[in-house]
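This report refers to the structure that appears directly beneath it.
The values are calculated or read from the model by the stated rules, or taken from the named source; none is laboratory data. All of these numbers come straight from a predicted model, not from anything done at the bench. FYI the Cβ positions are ideal-geometry reconstructions off the backbone, even for glycines, and counts take in every protein chain you see. To get the accessible areas, we keep the full protein, side chains included, count just its heavy atoms, and leave off ligands, DNA and RNA. Shrake-Rupley method; radii C 1.70, N 1.55, O 1.52, S 1.80 Å.
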Amino acid sequence: MKLKYWAYAKVVCFLIVLLWAVSCTKETVNLSEETLKYNQIDAHLRDALDGKNTKEDRLQSVDKAHVLYRTLSATTSEKLQKIEDISSAYYELKQYETSAKMDRKALDLANTLKDSMKIAKFYGYFGIYYRDKEKLDSAYINFHKADKIYSNLERSTTYEPQVYAFEHGKILIDLANLSRKVKDYSKSEDLTVRAIKKFELSEDYSYIPLSYTNLGTVAKELERYRDAVSYYKKAIEHSKKISKDTLFGVLGNNNIGTVYKSQQKYAKAIEYYNKALKYKPFLNKRPKKYARLLDNLGYVQFLANPDDPEAFALFQKAYAIRDSLYDVVGLSTNNLHLAEYYKTMGNDSLAIVYGIKAQEAASATNNNVELLQAYDILSEVSESEQGLAYAQQYINLNDSLVKMERAYVNKFARIEFETEEKVQKIEKISRENQILIITVLGITVLSLLGYIIFRQQQRNKELLFEQKQQQANQEIYRLLLSQQTKLEEGRKMEQQRMSEELHDGVLGRLFGVRLSLDGINQRVNDGYTETRTKYIEELKSIEREIRLISHDLGTETLSTDVAYVDVVENLIFDLCEAHKLQFEFESDEAIDWDIIDNQKKVNLFRIVQESLQNIFKHAQAKNIKISFDYVDDTINLTILDDGIGFKATKVKKGIGLKNITSRVRQMNGVVDFISNNEEIPGTKVTVGVPI
C-alpha cells in the first residue's frame, strides 16, 4: 500500500514539473515574440524618419510600425513609448489627424498606467493640435490640464523638479502665446516669466530666447517700449548659448526696429532694420524673411520721408520676391504698405487697387489685424458711399474682434475656474476617502491588536510551560554533567593509578630482573653471556615501552601549572632520547598558549606524539625538526624528518595517519603529508589550526 502511494506521488510530482516547464517555455516564447515586435517597430520607425527615403516609403514604414503596435499584448511603459514614437513620426510627415488619434490612445494607456508625466505630455500634444487648427479654447483647455498636472507634481516627491521642468516650461510658453493672442497681456507676461524659470531649472535654454521675444512683444503692446527693447536684446544675448544667434539676430533686430517705429523714432528703426539685413548669407537662404525686412525698412523710410524714392524701390523689391514665392501673408502686408503709399501720394485709384488686394489676402489668411487696416484705408480713398460701406465693415469687424477677444479671455478664465473647482471637488472627495480609509484602517488595527494581545497571552502560557520544561531539562543536564564529571575524575584517577602501577610496580620489577641478569653476566662466563645480553636489551626495550605507556596515561590532560611549550618539548626530548635521535624544536613567541582551547592543545600534543611514533617505527630517520608558527590567526605545526619517507597509499591505510587526520578535522584545521619530494628529503607533516 505504501509503495503504491509513493508511485502515485511521483507521477503527480512529474506532471507538476512538466506543466511548470511548459508554462515557463511558453512565457519565454511570448517574451521573445514581444521583444522581436519591439525591434521591428524600431526598425520601421528608423526608415520612417530617414529623410533619404521618399515620403511615400516613409509613410509605408510608419504604417507598418502602427500595424505591429496593435499586436502588442502587454500594457507597459515601453508600449506607451512606442505609441508616442509612432505619433511623432506621423506628425513629422504632416499626418496630423492620425497623429492625434495615436495621442488619444497614448493618453488612455498613460491613464491606465497612472503615469502623470506622460499624461501631462499628451495633453500638451493635444494643445498643439488644437492650436494649429485655430481652436484656441480647446488648445487652452489641454495646455491648462498639462500645467495643473505639472504643478501638482511640484507638491509631491515622486519626481525631481528638474526631470519635468523643461516640458512644463513649454506648456507655460504655449499658454502665454495664447493669452497674448487674445490680448490678455498681463496673464501672458506672468506665464512667460514662469516658463523662463522652468527652463533655467532644467538647464535647457533652447526656449529662453523665444520666451524673451514674447515678453518683448507683450511690453510693446502695453507701450512699455524701453522694456520691449531690453527683452528683445536679452533674446539675442541668450540665443548665443544655443548657437541660434544668427536667427535671433535677424528676428531681434527686426523686432527692435518695429518698437522704434511704434515710437516714431524712425532713424533708430532704420538702424536696427539695417542691422538685421547684414545677415546676408542667412537671409539669402530665407527669401521670405529677407522680403519682410526689405518691406519693413521701406515702410519706415516712407514714414520718415514719404518722398524718399528708395522707400518705393524697397516696396517693389519686397513685392517681387513675395509674388515669386506666392507668399500670401507677406503680400497682404506689402499691399497695405503700397496702398498707404499711393494714398499719401494722392493716387487714390492705385490705393484702392492695392487696398482691395490687401483685403483679399488678409481674408484668405484670416489676418484680422491687416483686414482692419485694409478697410480703414479703403474707407478713406473710396467714393463716399463705398467709403461708408468700408467704414461700416471696419466697425463691425473691430467690434466682433473685441467681443471675440473678451469671449476668449472670459473662456480662458472660466476654464481655469472650472478646473480649480474640479480640483477642489477631487480634493474634497480625496479627503473623505482618506477619512474612510483611516477609519477602516483604525478598526482593522484595533482588531489586529486585540488578536495579537490574545495570541500573546496564549504564547506567554506556552512560554511559561516551556520555561518550566527547560528548567527541568537543565536540572537533568546538571545531574548528568555532575555524573560525567565524577566518572571523568574516576577515569583520571584510574589512569593515574595504572600509570603509577606500571612505573613503580611492573617497571621496578623488570628493572630488578635486568640488574640481576647484569650481575650474573659480570660474574659468570659460561658461554651464555651473549644470549643473556640479548635478553637484557630486550628487557630495556620493554622498560622503554612501559615508560612511554605510563607517560601517555599520565598526560591525557595538561596541567595548568606547567607551560605548554615545556610539556611538548619534554615529550620530544624523552622520546628522541629513548630512540637516540637528534631533534630541533621551535615555538613562535607570538602564540599565547594560555588562551588556546585546552582540547586543541591536547590534540596538537597527540599529533606530535603520533608523528614521532611513526618516525621511530618506520622512517629510519636520524634528525627531526618540529616547529609551531603563528600566521593570520592560525597555528601552524610542522614536523620534518630526514628518513626514507613512505608511499602515498600509506596516507589512506596507516592508522596513525588516520588518527592525525581525525584530530585535525575535529579542530576545523587542515593537514598535509609530503614524502619523497625532490625538494624535501624524508617526510613533512604540516598542520594548520585556526584559533
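Report yes if L93 is in contact with a Leu (Cβ under 9 Å, 6 or more places away or on another chain), surrounded by fewer than 20 Cβ atoms within 10 Å (Cβ to Cβ) and not hydroxyl-bearing (S, T, Y), otherwise no. Explain how you work it out, then say what you get.
Working: in contact with a Leu (Cβ under 9 Å, 6 or more places away or on another chain): yes; surrounded by fewer than 20 Cβ atoms within 10 Å (Cβ to Cβ): yes; not hydroxyl-bearing (S, T, Y): yes.
For L93, the condition - in contact with a Leu (Cβ under 9 Å, 6 or more places away or on another chain), surrounded by fewer than 20 Cβ atoms within 10 Å (Cβ to Cβ) and not hydroxyl-bearing (S, T, Y) - is met.
Looking only at segment 119-160, count every residue that is touching a residue at least 24 places away in the same chain (Cβ under 8 Å), in a helix (DSSP H, G or I), of a type in the set (D, E) and open to solvent by 30 Å² or more (accessible area, probe 1.4 Å) and tell me the total. Qualifying residue count, segment 119-160: 2. From the list I624, I595, I635, the one residue that fits, being under 23 Å from L581 (Cβ atoms), among the aliphatic types (A, V, I, L, M) and either in contact (Cβ under 8 Å) with a residue 24 or more places away in the chain or exposed (fewer than 14 other Cβ atoms within 10 Å of the Cβ) (or both), is I624. Residues that are part of a loop (DSSP other than H, G, I, E, B) and touching a residue at least 24 places away in the same chain (Cβ under 8 Å): does segment 161-180 have at least one? No, segment 161-180 contains no residue that is part of a loop (DSSP other than H, G, I, E, B) and touching a residue at least 24 places away in the same chain (Cβ under 8 Å). Six or more apart or on different chains, Cβ under 7 Å: which pairs go from a residue in segment 60-78 that's more than 19 Å from K118 (Cα to Cα) and assigned to a helix (DSSP H, G or I) to one that's β-branched (V, I, T) and open to solvent by less than 20 Å² (accessible area, probe 1.4 Å)? Could you list them? Taking only residues 6 or more apart or on different chains, the pairs are V62/I86; A65/I41; A65/I86; H66/I86; L68/I41. Might you let me know whether segment 242-260 holds any residue that is among the basic types (K, R), touching a residue at least 24 places away in the same chain (Cβ under 8 Å) and part of a helix (DSSP H, G or I)? Within segment 242-260 (the criterion being among the basic types (K, R), touching a residue at least 24 places away in the same chain (Cβ under 8 Å) and part of a helix (DSSP H, G or I)), the answer is no, since none of the residues qualifies. Taking segment 47-75 as the range and being touching a Leu at 6+ places or on another chain (Cβ under 8 Å), surrounded by 13 or more Cβ atoms within 10 Å (Cβ to Cβ) and over 22 Å from D132 (Cβ atoms) as the test, the residues that pass are S61, A65. Scanning segment 216-235 for residues that are part of a helix (DSSP H, G or I) and either charged (D, E, K, R) or surrounded by fewer than 23 Cβ atoms within 10 Å (Cβ to Cβ) (or both) yields T217, A219, K220, E221, Y225, R226, D227, V229, S230, K233, K234.
Cβ separations smaller than 6 Å between residues 6+ apart or across chains give the following pairs from segment 357-368 residues that are touching a residue at least 12 places away in the same chain (Cβ under 8 Å) to residues that are open to solvent by 50 Å² or more (accessible area, probe 1.4 Å) and not in a loop (DSSP other than H, G, I, E, B): T365/V329. Residues in segment 96-118 that are surrounded by fewer than 21 Cβ atoms within 10 Å (Cβ to Cβ), closer than 24 Å to S61 by Cβ and among the acidic types (D, E): E97 only.
Of all residues in segment 240-264, exactly one satisfies the criterion of being under 51 Å from the mean Cα position of the chain (by Cα) and at positive phi, namely S243.
Y326 meets all of the listed conditions (1) touching a helix residue (DSSP H, G or I) at 6+ places or on another chain (Cβ under 9 Å); (2) farther than 18 Å from A374 by Cβ; (3) among the aromatic types (F, W, Y) but one, namely (1). Of all residues in segment 297-308, exactly one satisfies the criterion of being within 15 Å of L338 (Cβ to Cβ) and either of a type in the set (D, E, K, R) or at pLDDT below 90 (or both), namely D308.
Out of curiosity, is V602 closer than 19 Å to S662 by Cβ and either open to solvent by less than 20 Å² (accessible area, probe 1.4 Å) or without any contact (Cβ under 8 Å) to a residue 12 or more places away in the chain (or both)?
Working: closer than 19 Å to S662 by Cβ: yes; either open to solvent by less than 20 Å² (accessible area, probe 1.4 Å) or without any contact (Cβ under 8 Å) to a residue 12 or more places away in the chain (or both): yes.
Yes.
Put simply, of S559, S587, S550, S541 the only residue that is closer than 25 Å to Y630 by Cβ and modelled with pLDDT under 75 is S559.
Take residues that are under 16 Å from V689 (Cβ atoms) and tell me which of the strands (runs of 3 or more DSSP E) falling wholly in segment 560-651 contain 3 or more. Can you show your working first?
Details: elements: 582-587, 623-631, 634-641.
Where strands (runs of 3 or more DSSP E) fall fully within segment 560-651 and carry at least 3 residues being under 16 Å from V689 (Cβ atoms), they are 623-631, 634-641.
Filter segment 378-400 down to the residues that are touching a residue at least 12 places away in the same chain (Cβ under 8 Å), more than 23 Å from K181 (Cβ to Cβ) and either touching a Lys or Arg at 6+ places or on another chain (Cβ under 6 Å) or open to solvent by 70 Å² or more (accessible area, probe 1.4 Å) (or both) and list them by number. Step through it out loud before you land on a result.
Taking segment 378-400 and keeping what is touching a residue at least 12 places away in the same chain (Cβ under 8 Å), we get 378-382, 390-391, 393-394, 397-398.
Narrowing further to those that are more than 23 Å from K181 (Cβ to Cβ): 378-382, 390-391.
Within segment 378-400, E380, V381 meet the criteria.
Within segment 675-691, the set of residues being of a type outside the set (A, V, I, L, M) and touching a residue at least 24 places away in the same chain (Cβ under 8 Å) comprises S675, N676, P681, G682, T683, K684, T686, G688, P690.
Would you check which residues across segment 616-637 are within 20 Å of K658 (Cβ to Cβ) and modelled with pLDDT of 90 or more and list them?
So the first thing to find is which residues in segment 616-637 are within 20 Å of K658 (Cβ to Cβ), and the list is 616-619, 637.
Hit for segment 616-637 is L637, nothing else.
If you go through segment 236-252 one residue at a time, do you hit one that is open to solvent by less than 70 Å² (accessible area, probe 1.4 Å), of a type outside the set (G, A, S) and within 24 Å of A304 (Cβ to Cβ)? Yes, because at least one residue in segment 236-252 is open to solvent by less than 70 Å² (accessible area, probe 1.4 Å), of a type outside the set (G, A, S) and within 24 Å of A304 (Cβ to Cβ).
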